[in-house]
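Undergrad: Structure provided below as structure tokens; questions to follow.
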Amino acid sequence: MSRIGKKPVPVPSGVTVTLEGQTITVKGPKGEMQTQLVDLVSVKHENDEISVSPVDQTKPARSAWGLSRTLIANLITGVTDGFTKTLEINGVGYRAALQGQGLQLNLGYSHDVVYAIPQGIDIKVPKPTEIVVSGIDKQRVGQVAAEIRAWRPPEPYKGKGVKYADETIFRKEGKKK
């Protein structure tokens, strides 16, 4: 039994949920999102709660049960609060700045890296060594943060590079004489 799937998803006030077959559409103060759920689960919307249950007791249906519930919860969280990921830049001369519709990164290469900001994603640079990626879609926010981090992942000896704010870098000891 799925422990996550059993919990109903509460729908806060100000959020409208529409079910059309296996397509669920959520509208809230930050925007509108929709997702297509698999046919292995059934979804019910009643009493300001959304409950998900598997159609039968097969392994694929039970596997999709918790996933579907989490996808719906992420839709509701996205349109009410949104999602953010914070990146930190460590290294001498490494910095970031917003430049028009792009993010300019100085990461120790012979050239500046310009990352084009995708539609629906908001990037802020409060300090030259801090990047805040935010949006309503959890998957896209994480993907954009991962693409920025991939330009210069943190290295284990000095910790230089782009890392998530909550990430800890396993440091190695250098060569000994």
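All of the numbers you see were taken from the coordinates with simple rules; none came from a lab. What you are looking at is a predicted structure, and each value in this text was computed from that prediction instead of being measured. For neighbour counting, all protein chains shown are included, and Cβ atoms are generated from backbone atoms with ideal geometry for every residue, glycine included.
Undergrad: HN-Hα J couplings of region 155-168 from phi, Karplus 6.51/-1.76/1.60, θ = phi - 60°, integer Hz, Gly and Pro as x?
TA: Once θ is set to phi - 60°, the couplings for region 155-168 become 9, x, 8, 10, x, 6, x, 9, 9, 5, 5, 9, 8, 10 Hz.
Undergrad: Under a cut-off of 17 Å between alpha-carbon atoms, report the lysines in cross-link reach of Lys6, not counting same-chain residues fewer than 8 places apart.
TA: Answer for Lys6, where 17 Å is the Cα cut-off: Lys44, Lys59, listed by chain and number.
Undergrad: Here is a follow-up. Helix 138-150 against the longest principal axis of the chain: what's the angle in degrees, Cα atoms only, rounded to the nearest 10?
TA: Between helix and principal axis, roughly 20 degrees.
Undergrad: Could you grab the Rg to Rh ratio for region 83-164? Cα atoms only, Kirkwood for Rh.
TA: 0.94
Undergrad: Angle between the Cα long axis of helix 59-80 and the longest principal axis of the chain, 0 to 90 degrees, nearest 10?
TA: On a 0 to 90 degree scale, this one is about 70.
Undergrad: Further question: What value, in deg cm²/dmol to 500, does the helix sum -39500 (n - 2.57) over DSSP H runs of n ≥ 4 give at 222 nm once divided by the residues of the chain?
TA: The per-residue figure over the chain is -7000 deg cm²/dmol.
Undergrad: So the label point goes 7 Å from the Cα of Asp81 along Cα→C-beta, right? Which residues of region 17-43 then have their backbone N under 17 Å from it?
TA: In region 17-43, the label zone of Asp81 (backbone N under 17 Å from the point 7 Å along Cα→Cβ) covers 28-31.
Undergrad: Ok, one more. Please build a GNM for the chain, connecting alpha carbons under 10 Å apart, and tell me which residue among Tyr115, Tyr157, Tyr94 fluctuates the most.
TA: Tyr157
Undergrad: Right, another one. Relative contact order (percent) for region 83-164, with alpha-carbon contacts under 8 angstrom and 6 or more residues of separation?
TA: The normalised contact order for region 83-164 reaches 36 percent.
Undergrad: Just grab the label-to-label distance for Asp56 and Ile4, each label 7 Å out from Cα along the Cβ direction, in nm (one decimal).
TA: About 2.5 nm, to one decimal.
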